[in-house]
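Since every read-out is calculated from the coordinates, none of them should be taken as a lab result. Note that this is a predicted model, so its numbers are computed, not measured. All Cβ positions, even for glycine, are placed from backbone atoms using ideal geometry, and neighbour counts span all protein chains on display.
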Amino acid sequence: MGKVIVVTSGKGGVGKSTSTANLGTALALMNQRVVVIDADIGLRNLDVIMGLESRVVYTSMDVIEGACDLEKALVKDRRTKDLHLLAASQKNNKNDIQPEQMKKICLELKVEYDYVLVDSPAGIEQGFRNAAAGADVAIIVTTPEVASVRDADRIIGLLMNMNIGDMGLIINRLSPKMVESGDMMDPDDIIDILSIDLIGVIPEDKEIVVSTNRGLPATYNHQSSAGQAYRRIAKRIEGEDVQIPEFRAGGWFGNLFKFKVFKGI
Amino acid sequence: MKNVSHPIVELKGFRDSLHLIIAPDASIEQVELAIKKRMANLGYSLAGTTMNIDIRNETLSDDELSRVKMLLHETYGLEVERILDGLDRESEPAGNETHEPVVDWANGSTPKRKIRGAPALHREENIVNNNFLPKIEEVRFIRHTLRSGQVERFLEGNMIILGDVNPGAEVIATGDIIVLGVLRGVAHAGALGDTSSVIIALNLVPTQLRIGHYITRPPSGRQGARQKAEIARVSEQAIIVEEYRGL
C-alpha cells in the first residue's frame with residue numbers, strides 16, 4: 001500500500017505545482033511507482049510543467065463521471081518509468097468534485113502505486129479540501145515571506161483539524177545572500193512559527209523558470225541546485241538520512257539546521 | 001450589589017458567548033440607550049461573538065427585538081443566536097454540555113455547573129458577596145498552539161495558553177491572558193471592559209494587544225525573541241509593557 005501526499009501551501013505562486021512535478025519525477029527516478037494528481041480543477045497546469053499537456057485525453061472529472069477507467073485516464077510519462085499524471089479538467093470548477101470522490105480516487109491509486117502526489121490549488125476552500133481529502137501526509141510549501149508563512153500556518157491548522165498530522169515543510173526559493181544580509185526570513189524563524197518538521201530547502205534557482213516553461217522538471221538537470229534539492233527531499237521521503245545543507249552565500253557548509261528533519265513518509 | 005433595582009441591560013459572559021439580560025419593564029428606547037451606554041467603550045471589539053438575549057418576559061415585541069438584534073449586529077458585530085424569553089429562560093442554551101470543562105481555580109477540580117443557564121457570577125459580584133472567601137476564578141486552558149485564523153474566546157474569566165499564539169490567531173478573555181509560549185498574534189484581555197486585566201507572555205511580540213477598550217501595537221522595530229517574560233497592563237490610560245517580575 002502506497003502513500004498519498006498532498007502538496008499544499010494556502011498562498012498561490014509559492015511552488016506547489018513545481019514541487020509536485022519535481023518530487024514526483026525524483027521519486028520515479030528512484031524506481032518508485034508514482035502518480036501525480038492535478039487537483040487544481042479549472043486552472044490546470046501540472047501537465048504543462050511536466051511537459052505532458054499534449055498527451056492529456058481524460059481527466060479526473062471523466063473518471064468521476066464514469067466516462068473512463070482510472071487506469072486509462074493516467075498519462076504515462078515517457079521519460080521516466082512509472083511516472084503518471086492524472087490531469088485536472090479545465091472546463092469544470094472546484095465545486096464540481098466532492099472530497100469523497102477525490103478520496104476514492106486516491107484510495108484506488110495507492111493500492112497500485114508507491115506514491116500518489118496531489119497538487120493542491122491555492123486557497124482554503126473546497127479545492128483545497130478536495131485535494132487533502134485522501135491524504136495520509138501533507139507537504140507544506142512556503143517561501144521565506146511573511147505572507148506565505150502566515151498562509152502556511154493557516155493551512156497547517158486546517159490540516160490538523162482534518163486529522164492529517166503528518167506534515168513536512170519545504171522552504172522554497174531561499175536566497176542565502178538575502179538571508180545573510182537580513183533581507184529575507186531566516187529558515188529558523190519560519191520553523192519557529194510553523195513548528196513542523198523541515199523536509200527540505202530549495203534554493204532560489206533561475207533554472208526553474210526555464211524548466212517549467214519547457215515542461216522538463218529541474219530534477220532531470222544535474223546542474224540545477226533546485227533539482228538537486230528536490231532529489232534530496234525525495235530521498236528523505238524514502239527514509240534516507242540526507243542532511244539539509246545550510247545554504248549560505250558563496251557555497252554550502254555541511255551543517256544541518258538545528259531542528260528535526262522529517263524523515264521517511 | 002451596588003443598587004437593588006435591576007439595570008436595564010446586563011452583559012455577561014458565558015463560556016465563549018455573551019448573554020444580554022434585558023430588564024422586564026424596559027421600553028425599547030431605554031433598552032437601545034442602555035445597550036449603547038454599555039457598549040460605548042467596547043465598540044466593535046467583540047465582533048463575531050455569539051450572543052443570547054435574555055428578555056426575562058415578553059415585554060418587547062418581535063419588531064422591537066429585531067431592532068435590538070440589528071443594533072447589536074450592525075454596530076457591534078455580535079451574532080445573536082437565541083432569544084431566551086420568560087418561558088424557557090431557565091433552560092440551558094443548546095450545546096453547552098459539549099463545551100470543554102472549566103477548572104474551578106479555588107478547588108482545583110472541574111466542577112459541575114450548579115446554576116443552569118444563568119451566567120456565572122460576575123467578577124465584581126464575587127468579590128462583593130464573598131469577600132471573606134477565597135476568590136473563585138474560572139480559567140480555561142488551551143493546550144496547543146493557536147495558528148493563523150484560529151480564535152479562542154473565554155468570556156467567563158482567564159485564559160492560559162500552553163503553546164504559541166501565531167500571527168493571525170486571536171485570544172479573547174474577560175479576565176487575564178497568560179501565554180506560556182510566544183504571543184505573536186492578537187490578545188484581548190478584559191474583553192468586557194475590565195481594564196485591570198493583564199496579558200503575560202514568555203515571549204511578547206504581538207501583532208496587537210487589547211485590554212478593555214485600550215488598544216496598542218508594538219513599536220516598529222520590536223521584533224525577534226525577547227529574553228524575558230513580559231506583562232502588559234493598563235497604566236495611566238494606556239497599555240504599558242514591562243518585564244514580568246510578579247504582579
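Observations, loosely collected:
- Per residue of peptide A:146-154, the mean number of Cβ atoms on other chains within 10 Å of the residue Cβ is 4.
- Among A:Ile244, A:Ile193, A:Ile105, residue whose mean-square fluctuation peaks in a GNM of chain A (springs only between Cα atoms under 10 Å): A:Ile193
- Taking all Cα pairs closer than 8 Å and separated by 6 or more residues, the relative contact order of region A:123-199 comes to 35 percent.
- The fraction of all Cα pairs in region B:134-247 landing in successive 10 Å bins from 0 to the largest distance is 16, 53, 29, 2, 0, given as whole percents.
- In this rough spin-label picture, where each label sits 7 Å from Cα along the Cβ direction, the B:Ser61-B:Phe141 distance is 5.3 nm.
- Highest-first arrangement of A:210-216, B:193-199, A:231-237, where packing means the average Cβ count within 10 Å: A:231-237, B:193-199, A:210-216
- Once exposed loop GluC sites (Glu not before Pro) are cut out (DSSP; at most 16 other Cβ, 10 Å), longest piece of chain A: A:146-239
- Phi-derived couplings, Karplus 6.51 cos²θ - 1.76 cosθ + 1.60 at θ = phi - 60°, listed residue by residue for region A:18-32: 4, 5, 4, 4, 6, 5, x, 5, 4, 5, 5, 5, 8, 6, 9 Hz, with x used for Gly and Pro.
- In this structure, B:Glu74 and B:Glu242 have a Cβ-Cβ separation that, at R0 = 60 Å, corresponds to a calculated FRET efficiency of about 0.95.
- Inter-label distance, A:Asp192 to B:Ser220: 2.1 nm, where each label sits 7 Å from its Cα along the C-beta direction.
- In the structure shown, the pairs A:Lys11/A:Lys103; A:Lys16/A:Lys104; A:Lys3/A:Lys104; A:Lys72/A:Lys110 are assessed against 20 Å; a Cα-Cα span above that value is assigned to A:Lys11/A:Lys103; A:Lys16/A:Lys104.
- Top of A:Val146, A:Val14, A:Val48 by mean-square fluctuation, Gaussian network on chain A, Cα under 10 Å: A:Val146
- Reach of A:Lys76 by Cα under 15 Å, taken over aspartates and glutamates that are not fewer than 8 positions away in the same chain: A:Asp38, A:Asp47, A:Glu53, A:Glu112
- Relative contact order of region A:1-140, defined on C-alpha pairs under 8 angstrom at six or more residues apart (%): 43 percent
- Geometric extent, Cα atoms of region A:86-188 - Rg, Dmax (angstrom): 15.9, 49
- Set of aspartates and glutamates near B:Lys69 by C-alpha distance (under 17 Å), chain-local residues within fewer than 8 positions excluded: B:Glu10, B:Glu29, B:Glu32, B:Asp54, B:Glu58, B:Glu79, B:Glu81, B:Asp85
- Taking 7 Å steps out from each Cα toward its Cβ at A:Glu65 and B:Tyr44 produces label points 4.5 nm apart.
- Sequence-distant contacts, meaning Cα pairs under 8 Å at least 6 residues apart, place the relative contact order of chain A at 23 percent.
- Per-pair calculated FRET efficiency, R0 = 30 Å: B:Arg82 and B:Ser235 via Cβ, rounded to 0.05: 0.15
- Rounded to two decimals, the Cα radius of gyration of chain A over 2.2 N^0.38 Å is 0.94.
- Most mobile of A:Thr80, A:Thr142, A:Thr59 in a GNM of chain A (Cα contacts under 10 Å): A:Thr80
- Gain on full stretching of the segment that runs from B:His6 to B:Leu33 - 0.36 nm per residue minus C-alpha separation: 8.2 nm
- Near A:Leu158: Cβ cut-off under 9 Å, other residues only, Lys/Arg at +1 and Asp/Glu at -1. The net charge is +3.
- Partners for B:Lys228 among aspartates and glutamates (Cα-Cα distance below 15 Å; same-chain residues under 8 apart left out): B:Glu242, B:Glu243
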